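Read through the structure below, which is laid out as structure tokens, and then see the notes.
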Amino acid sequence: MADPVLQIEDLGVRFHLKRGRLTAVERVSLTVNRSETFGLVGESGSGKTVTARAVMRLVPIPPGEIFQGRILFDGENVLDKSEAEMRELRGRKIAMVFQEPMSALNPVFTVGSQISDALRTNLGMSKKEAKERVIELLNLVGIPSPESRYGNYVHEFSGGMRQRVMLAMALSCNPSFLIADEPTTALDVTIQATILELIESMTERFHMSLIFITHNLGVVAHTCDTIGVMYASHLVELGTKNEIFANPLHPYTQGLLNSIPRLDTQAKFLTPIKGLVCNMLEPPQGCKFNPRCEHAMDICSQEVPPLKEVAAGHFVACHLHP
Amino acid sequence: MSDYFLEVKNLTKHFPLNNDLISRLGGKTRTLKAVDDISFFIKPGETLGLVGESGCGKSTTARLITRLIEPSSGSIYLKDDDLLSFLPERMLDVRKTVQLVFQDPYSSLNPRKTIMQILSRPLEVHNLAKGWTAKRRHVLHLLRLVGLGVEHADRYPHEFSGGQRQRIAIARALAVSPQLIIGDEPVSALDVSIQAQILNLFRELQEEFNLTYLFIAHDLSVIRHISDRVAVMYVGKIVETGTVDTIFENPKHPYTHALLMAVPHADPLKPPPRLTLQGELATPVDPPPGCRLYGRCPIATDVCGEVSPELVDRGGEHYVACHNI
């Protein structure tokens, strides 16, 4: 049964920069159910990361501003919480894994002490308890000889192992919700395969909900139940994994799927999306995709299409599907 | 006449580590074997895809072929010429034939120069156009070739997106009318929709100018798309090479096999990615004798730990370096 944990309603985030006002997220609504894996896909600058960071209230304000919408986590609006209440939530309820573990972890403290810090602050464990728990966690995420690795620094770990450390840290306070922001993008394919498997087994084992942010459609095809596609600050399509891959409706989703070179056959030329991603400081009127769209009509450059349900659980924001 | 446009034989590059006096006296020097005795060839007009994970020696290979760094041993033949015997003046000529396109178009273009200046530099170095008018005409022609316009000539690199910058880098490589272009991960920094445009551009240019490519990438779907033949590298060694169909449909080496199993298909109906090897990437620093995959390989036997396998011809231009197949 649908049991929504996270409901984002009509979210809008913008940044006031010297160069002008940049709207990074606009009218984004989505729901993540308990134990569901939600894949948020899009190219660089499409607003995936900002959406996720808004949930954790990690968007820097100023220059950022959440100008509209609500983010309900377990029924409570995250945006109304005080900073102290947020600290209760972060780590313990919602945890995050970042793309670049080298910059997310502190280079001058040992890995073990960083994770045990989190445990002692958040859960009030004693030093000894925390250490035992950290070793248990490192073991859980598949780091060999965790006792001796406890005292190592980040630079002594390989890329894949660093991502395992990040995951151990995220899992340390038993969160019910995990946000993974491009966790495998910096990794080689063989390492990526093991990290994906690990994230999958962890979310299953601890019944966590997961938002998985990536630009790689191959990765979401195997890890996610539901997929949301973002383009230039808007959520343009939303549906189950099988719907999105078998029956993509938005021209951008179709274009994205056609752009990927295939592994099973060799085509001479690919069918890319024409043109370039719009400048987010001066976005086009109407649908943000209209200057690149093969099917653009007059209305596309005038009105932003709303996200509408076209089949059960399949939403698309396009004037072709009114 | 050689049948090959480029032939590399037993190419090796070792970097000494801890090479200071004290370490040397103490016998504690170590060697990083970035590229260790590799051989391959590229036929005229074809694309050889070089694929492997980070640190396996792909980029070092590219730099060795262009002699941006000098190899420790081995030989490189461009048609019939032994590149390594050339003095610097003759290498300048070679660079008119062989050009490089780098991965990161944000660092490969000088931010203080206009596109006009960037693209006319190779023309000046090689004396290909004299006078502003001739250079201008040449530069505008280059911009058109890569899908940019006249209006772009007097802008600076920061005014362009990643995909457009990569077009400029390709235009710069084309300026000297080269025959071989080495692309060192030229599309890995780009978003998928832009990546597809640049891959198409590489194809179009190849057909128009009959170019030969050495295309380096870590993304197997890109390699499958662009290559005629593929060489798979693992920690300084080439473990398998063959036509693109052989490598992707009938891989023999356990590493190639593992690499292919680990790629996530953008199709939920295909099996999920998984790793068939144990542990993590081996290190190229003082590697033990024997196969580099020993210790991770599911089909390893005792001999694998002792003797490094040679590439063996299995017919149809398919070469595999493995004791157990």
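Can you give the charge dipole size of segment B:219-309 about its Cα centre, rounded to the nearest 20 debye, using +1 on the beta carbon of Lys and Arg and -1 on the beta carbon of Asp and Glu?
Value, rounded to 20: 100 debye.
Taking every DSSP beta bridge with both residues inside the protein assembly as shown, roughly what % is antiparallel (nearest 5)?
Of those bridges, close to 60 percent are antiparallel.
Over all alpha-carbon pairs of segment A:135-224, lay out the pair-distance distribution in 5 Å bins, whole %, shortest bin first.
3, 13, 27, 25, 19, 10, 3, 0
Based only on other Cβ atoms within 10 Å, what is the fewest-to-most ordering of A:GLU147, A:GLU200, B:GLU151?
Working: A:GLU147 11, A:GLU200 16, B:GLU151 8.
Ascending number of Cβ neighbours within 10 Å: B:GLU151, A:GLU147, A:GLU200.
Could you give the alpha-carbon Rg of segment B:235-298 over 2.2 N^0.38 Å, rounded to two decimals?
Ratio of Cα Rg to 2.2 N^0.38 Å: 1.25.
Run lengths n ≥ 4 of DSSP H only: what is the helix-derived mean residue ellipticity at 222 nm for chain A, with -39500 (n - 2.57) per run over all residues, to the nearest 500? Kindly include the intermediate steps, with their values, before the conclusion.
Values: 11 runs with 102 residues, N = 322.
Using -39500 (n - 2.57) per qualifying helix, the result is -9000 deg cm²/dmol.
Relative contact order for segment A:1-122 using alpha-carbon pairs under 8 Å, separation at least 6, rounded to a whole percent?
27 percent
Order of B:ASP267, A:ASP298, B:ASP36 from fewest to most other C-beta atoms within 10 Å?
Values: B:ASP267 18, A:ASP298 10, B:ASP36 22.
If I rank by nearby Cβ atoms, fewest first, I get A:ASP298, B:ASP267, B:ASP36.
What order do you get for B:230-243, A:211-224 when each peptide is scored by the mean count of other beta carbon atoms within 10 Å, highest first? Provide the component values of the computation, followed by the final result.
Values: B:230-243: 25.0, A:211-224: 23.2.
So the order, starting with the most tightly packed, is B:230-243, A:211-224.
What's the local net charge at B:GLU185, with K and R +1, D and E -1, over the other residues with C-beta under 10 Å away?
So the surrounding residues net to -2.
Over the whole of B:271-279, what's the average partner chain Cβ count within 10 Å per residue? Rounded to a whole number, please.
On the way: counts 1, 7, 13, 6, 9, 2, 3, 0, 2.
Going residue by residue through B:271-279 and averaging, the value is 5.
Residue by residue through B:193-205, how many Cβ atoms from other chains fall within 10 Å of the Cβ on average?
Rounded to a whole number, the mean comes out at 5.
Counting only helical runs of four or more DSSP H residues, what would the 222 nm mean residue ellipticity of chain B come to if each run contributes -39,500 (n - 2.57) and the total is spread over all its residues?
Numbers: 10 runs with 101 residues, N = 325.
It lands at -9000 deg cm²/dmol.
For the pair A:ARG19 and B:ARG155, how long in nm is the line joining their label points, each one 7 Å along Cα→Cβ?
So the two model labels end up 1.2 nm from each other.
Report the trypsin sites (Lys or Arg not before Pro) located in segment A:1-87 that are in a DSSP loop and have at most 10 other Cβ atoms inside 10 Å of their Cβ, or state none.
A:LYS18, A:ARG19
Starting with the fewest neighbours, write out B:MET91, A:MET161 ranked by other beta-carbon atoms found within 10 Å of each beta-carbon.
If I rank by nearby Cβ atoms, fewest first, I get B:MET91, A:MET161.
Roughly speaking, what is the centre-to-centre gap between segment B:217-287 and segment A:233-254 when only Cα atoms are used, to the nearest Å?
For segment B:217-287 versus segment A:233-254, the Cα centre distance is 29 Å.
Just counting partner chain Cβ atoms within 10 Å, what average do the residues of peptide A:193-203 show around their Cβ?
3
Taking just the alpha carbons, could you work out the radius of gyration and Dmax for segment A:170-320, both in angstroms?
Cα-based Rg and Dmax for segment A:170-320 come out at 17.4, 53 Å.
Jot down the per residue volume, in cubic angstrom and as a whole number, of the convex hull over the alpha-carbon atoms of the protein assembly as shown.
Residue-normalised Cα hull volume stands at 186 Å³.
What is the Cα centroid distance between segment A:153-197 and segment B:41-88, reported in whole angstrom?
Rounded to whole Å, the Cα centres lie 35 Å apart.
Determine the equivalent ellipsoid of chain A by diagonalising the alpha-carbon gyration tensor, then write out the semi-axes as square roots of 5 times the eigenvalues, largest first, rounded to whole Å.
Gyration-tensor ellipsoid for chain A: 36, 23, 18 Å.
Which three numbers, in whole Å and largest first, are the semi-axes of the equivalent ellipsoid of segment A:1-148 derived from its Cα gyration tensor as √(5λ)?
32, 19, 16
Within 11 Å, Cβ to Cβ, of B:SER227, how many net charges do the neighbouring residues add up to if Lys/Arg are +1 and Asp/Glu are -1?
Details: positive: B:ARG224, B:ARG229; negative: B:GLU46, B:ASP228, B:ASP245.
It works out to a net charge of -1.
Using DSSP to define loop residues, name the trypsin sites (Lys or Arg not before Pro) in segment B:85-143 whose beta-carbon has at most 11 other beta-carbon atoms within 10 Å.
Answer by residue number: B:ARG112, B:LYS130.
Apply the a/c threshold of 1.5 to the C-alpha gyration tensor of segment A:32-102 and tell me whether it is rounded, prolate or oblate. Mind showing how you got there, number by number?
Values: a/c = 1.35, a/b = 1.15, b/c = 1.18.
Cα axes put segment A:32-102 in the rounded bin.
Size of the dipole of the protein assembly as shown about the Cα centre, Lys and Arg at +1 and Asp and Glu at -1 on the beta carbon, nothing else charged, in debye to 20?
Roughly 1640 debye, rounded to the nearest 20.
Taking the inverse of the average 1/r across all pairs of different Cα atoms in chain B, what Kirkwood radius in Å do you get?
Mean inverse Cα-Cα distance, inverted, gives 21.2 Å.
Relative to the Cα centre, what is the charge dipole magnitude of segment A:215-322, using +1 at the beta carbon of each Lys and Arg, -1 at the beta carbon of each Asp and Glu, and rounding to the nearest 20 debye?
Its charge dipole is roughly 300 debye.
No value in this document is a laboratory result; all are computed from the given coordinates. This one's a predicted model, so the numbers in the text were calculated from it and none came from an experiment. Every residue, glycine as well, gets a Cβ built from its backbone with ideal geometry; the counts of neighbours run over all protein chains shown.
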